[in-house]
Amino acid sequence: MDLFFLLSKGFWVLANPGNLLILILVIALFKGWRALSSAVAFCLLLITFYPVGDLLLQPLEKRFAPPQVLPDEIAGIIVLGGAEEAELSSIWKQPQFNMAAERDMLMLPLMQRYTDVPVILTGGSGSVRKPEFRGADVQQTWLQQQQLDKQVIFERDSRNTFENAIYSQGVLPPGADYADPRGWLLVTSAFHMPRSVGIFRGQGWHVIPYPVDYYSKPAGLNSWRADLGRNLYELSIGVREWIGLGAYYVTDKTDELFPSANLDISLNE
């Protein structure tokens with residue numbers, strides 16, 4: 001298990017906004033630092049009533065727009081895993097999906113439109129403790145139930161987005177080219193698309209972004225809502241993604257800190 005993977009998991013345990021605020025609060029109370037504990041309480045109160053995460057998610061989700069007109073021809077389709085609940089699926093003996101299910105849902109209309117191109121579902125396990133539960137296995141089971149799995153290649157060893165791009169090259173069928181100028185439709189959550197595009201481009205893939213699974217709304221004074229759980233969850237997504245963009249850039253896993261939306265692929269109308 002490589003050091004980058006372990007460090008990223010360990011770092012996020014501390015950097016997760018919910019964990020970090022509670023840790024700071026405990027330390028402040030133990031040390032008797034009233035000003036710091038008051039500041040943490042204010043942050044929690046703000047997050048309870050205002051979706052602060054929208055401020056971080058909006059630029060991520062607006063960076064790439066879905067294709068207004070799909071090209072007549074493409075090289076293939078890549079769907080990034082992450083929507084599957086692999087451990088729950090194993091426990092309850094049926095495929096389980098989370099809030100990012102749009103990633104997998106889009107496969108069906110795309111497969112109906114492009115019946116003769118390879119489709120790669122790439123997603124192993126991002127867990128340090130339970131690597132045996134893999135997202136691609138869940139999607140394979142679900143598609144087998146619909147008798148739609150024949151067109152799909154299931155890449156089940158990748159643990160993060162960088163490995164998605166690398167290992168997907170290793171499962172390409174004969175004659176397929178990841179640098180094909182027709183481009184590969186890349187399907188993932190909108191907030192995750194900038195980092196995904198940067199990584200796949202860096203590995204030589206010719207990709208056409210197709211973002212789905214949106215979370216944010218334009219931030220404004222009327223955006224308040226009393227929902228600590230949801231607000232904290234979306235804030236965590238935004239914080240994690242911006243940290244990921246920086247970490248992948250610093251470690252040379254992508255050439256662009258915030259990948260540009262200007263693609264050199266001309267879509268056929």
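The values are calculated or read from the model by the stated rules, or taken from the named source; none is laboratory data. Predicted model, so just to flag it, every value in this text is computed and none were measured. No Cβ is skipped: glycine too gets one built from the backbone with ideal geometry, and neighbour counts run over all protein chains shown. With ligands, DNA and RNA removed, areas are computed over all heavy atoms of the protein, side chains included. Shrake-Rupley method; radii C 1.70, N 1.55, O 1.52, S 1.80 Å.
Numbers for the structure displayed
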quantity	calculated
Cα gyration tensor shape for the range 120-185, rounded if a/c is under 1.5, else prolate or oblate	oblate
Cα gyration tensor, the range 222-262 - rounded (a/c under 1.5), prolate or oblate	oblate
Solvent-accessible surface ranking, highest first, for Trp224, Trp142 at 1.4 angstrom	Trp224, Trp142
Electrostatic dipole magnitude of the range 95-230 [Cβ: Lys, Arg +1; Asp, Glu -1; Cα centre; debye, to 20]	420
Solvent exposure of the range 171-253 as accessible area per residue, Å², 1.4 Å probe	43
Probe 1.4 Å - accessible area at Val13, Å² to nearest ten	90
In order through the range 124-139: 3J(HN,Hα) via Karplus (6.51 cos²θ - 1.76 cosθ + 1.60), integer Hz, x for Gly, Pro	x, 10, x, 9, 7, 7, 10, x, 6, 8, 10, x, 4, 5, 5, 5
Candidates Ile199, Ile166, Ile24, ranked by Gaussian network fluctuation over the chain, Cα under 10 Å, top entry	Ile24
Among Leu257, Leu25, Leu56: highest mean-square fluctuation, GNM of the chain, C-alpha pairs under 10 Å	Leu25
List Thr188, Thr115, ordered by accessible area with a 1.4 Å probe, largest first	Thr115, Thr188
Residue (of Val250, Gln68, Leu172) at the positive-pole extreme of the chain, dipole from beta-carbon charges	Val250
Charge dipole magnitude, Cβ of K and R +1, D and E -1 - the range 156-269, Cα centre, debye nearest 20	400
Projected label distance in nm at Asp180 and Lys150, using a 7 Å step from Cα toward the beta-carbon	1.9
Nearest-ten-degree value, helix 228-250 long axis tilted from longest Cα axis of the chain	60
Among Leu106, Gly10, Val128 the positive-end extreme of the charge dipole of the range 1-129 (Cβ point charges)	Gly10
Computed accessible area, Arg240, all protein chains, 1.4 angstrom probe, square angstrom	110
List His192, His206, ordered by accessible area with a 1.4 Å probe, largest first	His206, His192
Residue-wise HN-Hα coupling along the range 111-117, computed from phi with Karplus coefficients 6.51, -1.76, 1.60 (Hz; x: Gly, Pro)	5, 5, 6, 10, 7, 10, 10
Accessible area of the chain belonging to carbon and sulfur atoms, whole % at 1.4 Å probe	59
Among Phe258, Phe30, Phe64, residue whose mean-square fluctuation peaks in a GNM of the chain (springs only between Cα atoms under 10 Å)	Phe30
FRET efficiency, Leu14 to Lys93 (Cβ-Cβ, R0 35 Å, nearest 0.05)	0.50
CD proxy at 222 nm, helix term only [per DSSP H run n ≥ 4: -39500 (n - 2.57); per residue of the chain; nearest 500]	-14000 deg cm²/dmol
Using θ = phi - 60° and Karplus 6.51 cos²θ - 1.76 cosθ + 1.60, couplings along the range 27-33 (whole Hz; Gly, Pro as x)	5, 5, 5, 5, 7, x, 8
Principal-axis tilt of helix 161-170 within the chain, Cα atoms, nearest 10 degrees	20
Within the chain: Cβ-based charge dipole about Cα centre, in debye rounded to nearest 20 (Lys, Arg +1; Asp, Glu -1)	1100
